[in-house]
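The values are calculated or read from the model by the stated rules, or taken from the named source; none is laboratory data. Bear in mind the structure is a predicted one, so any value in this text is a computation, not a measurement. A quick note on method: Cβ atoms are made from the backbone with ideal geometry, for glycine too, and the neighbour counts reach across all protein chains shown. Side chains are part of the model used for accessible areas, which takes the heavy atoms of the whole protein and leaves out ligands, DNA and RNA. Shrake-Rupley method; radii C 1.70, N 1.55, O 1.52, S 1.80 Å.
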Amino acid sequence: MLKCRAVWKKLSPLARAPSAVSRLNGRRAGLNNGRPPSHLPVAHMSTGPAGGGGENQLYVLLVGAACVGGVFYAYQTIRGDQQRYQNRMAELSSRAQSTVSGKTTVSIQSELSAVPEPESQGATSPEEPGPPTPAAEVAAPSETTEPPSAVDSIPASLKKIPSHAPYLLIGGGTASFAAARSIRARDPGARVLIVTDEPDLPYMRPPLSKELWFSDDPTVTETLRFKQWNGKERSIYFQPPSFYINPEEFDSAENGGVAVLTDKKVVHMDVRGNKVKLDDDTEISYDKCLIATGGVPRNLQVIERAGEEVIRRTTLFRKIEDFKSLDKASRNIKSITIIGGGFLGSELACALGRRSTESGLEVLQMFPEKGNMGKVLPEYLSNWTTEKVKREGVKIISEALVKSVTYKDDKLEIQLKDGRLVKTDHIVAAVGLEPNVDLAKSAGLEVDSDFGGYRVNAELQARSNIWVAGDAACFYDIRLGRRRVEHHDHAVVSGRLAGENMTGASKPYWHQSMFWSDLGPDVGYEAIGIVDSSLPTVAVFAKATAKDTPKAATEKSGTGIRSESETEDTATSPVVSATPAPSEQQHKDDYGKGVIFYLRDKVVVGIILWNVFNRMPIARKIIKDGEEHADLNEVAKLFNIHED
């Protein structure tokens, strides 16, 4: 190409000269005649006689040669670029293979940037063939070979995170999964992104304190599979990994799907900009967002101030990792003390108590009330439950207020305010849950000062495109006023409703959620509404039979997580038992099964079904009606508790 340009420079005066001479002669003629010529001679490309074309042919040849040279130069340039591209992709492929085999590679920034970086010792040069790839790593042969993707060599921590999610769900618990399933049911092509700070896919929490502890499988902490009371086996996870799509494929998923970002925490929320920031400074924008952050276990201040040795020997029970660590601790120590007499504390006490009969583990449970679940159950029933827990092998320390906790001589010493001293190896603090409202400040969302949690309207909305569900939602109950509920069934139903409303349903939350607790496979209860031992109660009991246990109930219904089967049911016209209801005095100290009504202003606001199962729709209807009842013995007949 350069030679062509040199030749053109030498010959160009020849091409330009005839034209210039012709114009100059025309101007001179005009000046000599005193007026401009009416017509200038046509400029010819040749100075020879008219009709001669030698110089014209030479000019055409030169231009043609220049064009051919330009085309050839462009071809060579493109071909060179292709060769360099192939060499570069081969280099990236060799580095990816060396990463898989355990060799050190250069950082991903140098892989993707144009600035060359010094390669590591183990990297194979693109000019030299690398070692043969094992057969297991070789891709299946195909007719068309595409260049390998550089994404394959990116570490997991640097893999692509979607920059936008039409539906963003913050939190990976029950409420979030229920919302995702609901969104996909109404919008089959929806792309839903769940962000959770836990390392696990969405799972159910109730078995962590119930069935998992009664498993005979020594590998239960790894498999996380358990037998329900009905004998059927299932996993703690809602769905297997194959149910979800890879976050890297989130944007390109043709039919949508649910993706989960694990080990990622949302630390900031920009409501006006419709985006959130993760703990690694990654930003994700959204169209609609659900906050289902749940809660964090409370701890005693005396434990928090006690020092590292005490904190290291204390479990705040909430997650899968807490179950695993407590299971391991219970097999390697001699004594465990559970602080708390509520649902979680009593369930764990019964579970560990049964293990104590086999391993010699000492299990203690202490609480400030007079009996187990003293804040929920009437005093007589709380006392009965306490005796039941004792029979499971648990030592009960009631009316216990912790003054201090210290670590001394390889033991934890719990000093009570009344002077009693308890020595133990490990502490489980089961003293309640604190709703996680960390995003309230950055998002400008209102937190309820009485109950905690994000205040939402009847449709579970905190803003026009932000919903809240589960433990973190403080909602208005049309029958019982503003409430916040911390139970599995509420998480299922509120998450499902939030998902429907995120797709345009605009439904109010009127559902009365239930909860249940099992003290092993033989004693269990289901509750709904406000169950507070400070309220007046009326109870009707009957003699229990072999079918009046959680185990028998789940065998009959075929389900283990009872709320999953009953939340869709409605009570219409329940069949009333014809058997007359005996008075409560006839069954004194015999609380085999029964119904406890909690009253406020003579209206039933809460019901506990004690060893009475699959009757929750009836209880829900009674609370929904909100009527006064002159004789609750007649109402108790609706539950057929006197039938054998």
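Just checking, how many residues over the stretch 340-399 are over 33 Å from the mean Cα position of the chain (by Cα), within 22 Å of Leu433 (Cβ to Cβ) and open to solvent by 10 Å² or more (accessible area, probe 1.4 Å)?
Looking only at that region, the number is 3.
With a cut-off of at least 2 residues that are modelled with pLDDT of 95 or more and small (Gly, Ala, Ser), name the strands (runs of 3 or more DSSP E) lying wholly within the stretch 175-282.
In the stretch 175-282, the matching strands (runs of 3 or more DSSP E) lie at 257-261.
Could you list, in sequence order, the residues of the stretch 480-493 that are touching a helix residue (DSSP H, G or I) at 6+ places or on another chain (Cβ under 6 Å) and open to solvent by less than 30 Å² (accessible area, probe 1.4 Å)?
Going residue by residue through the stretch 480-493, those that are touching a helix residue (DSSP H, G or I) at 6+ places or on another chain (Cβ under 6 Å) are 486, 488-489, 491-492.
If the condition is that a residue be touching a helix residue (DSSP H, G or I) at 6+ places or on another chain (Cβ under 6 Å) and open to solvent by less than 30 Å² (accessible area, probe 1.4 Å), then His488, Asp489, Ala491, Val492 are the ones that fit.
Considering each residue of the stretch 404-420, count those that are without any contact (Cβ under 8 Å) to a residue 12 or more places away in the chain, open to solvent by 70 Å² or more (accessible area, probe 1.4 Å) and not in a loop (DSSP other than H, G, I, E, B), and give that number.
Counting residues in the stretch 404-420 that are without any contact (Cβ under 8 Å) to a residue 12 or more places away in the chain, open to solvent by 70 Å² or more (accessible area, probe 1.4 Å) and not in a loop (DSSP other than H, G, I, E, B) gives 1.
Conditions (1) within 23 Å of Ser494 (Cα to Cα); (2) without any contact (Cβ under 8 Å) to a residue 12 or more places away in the chain; (3) more than 14 Å from the chain's Cα centre (by Cα), marked per residue:
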residue	(1), (2), (3)
Ile194	yes, no, no
Asp197	yes, no, no
Ser215	no, no, yes
Gln228	no, no, yes
Ile236	yes, no, yes
Lys288	yes, no, yes
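Out of all the residues in the stretch 427-457, which are open to solvent by 20 Å² or more (accessible area, probe 1.4 Å) and out of contact with any Gly (no Cβ under 9 Å at 6 or more places or on another chain)? Give the derivation first.
Keep residues of the stretch 427-457 that are open to solvent by 20 Å² or more (accessible area, probe 1.4 Å), which gives 431-432, 434, 436-438, 441-442, 444, 446-447, 449-451, 455, 457.
Result: Asp438, Lys441, Ser442, Gly444, Glu446, Ser449, Asp450, Phe451, Arg455, Asn457.
Working only within the stretch 470-514, note down all residues that are touching a Lys or Arg at 6+ places or on another chain (Cβ under 7 Å) and among the hydroxyl-bearing types (Ser, Thr, Tyr).
Tyr476, Thr503, listed by residue number.
Here are the criteria: (1) part of a loop (DSSP other than H, G, I, E, B); (2) modelled with pLDDT of 90 or more; (3) more than 26 Å from Lys210 (Cβ to Cβ). Tell me which single one Val538 does not satisfy.
Of everything listed in (1) part of a loop (DSSP other than H, G, I, E, B); (2) modelled with pLDDT of 90 or more; (3) more than 26 Å from Lys210 (Cβ to Cβ), Val538 misses just condition (1).
Which count do you get for residues in the stretch 541-558 that are open to solvent by less than 20 Å² (accessible area, probe 1.4 Å) and modelled with pLDDT of 70 or more?
The qualifying residues number 2.
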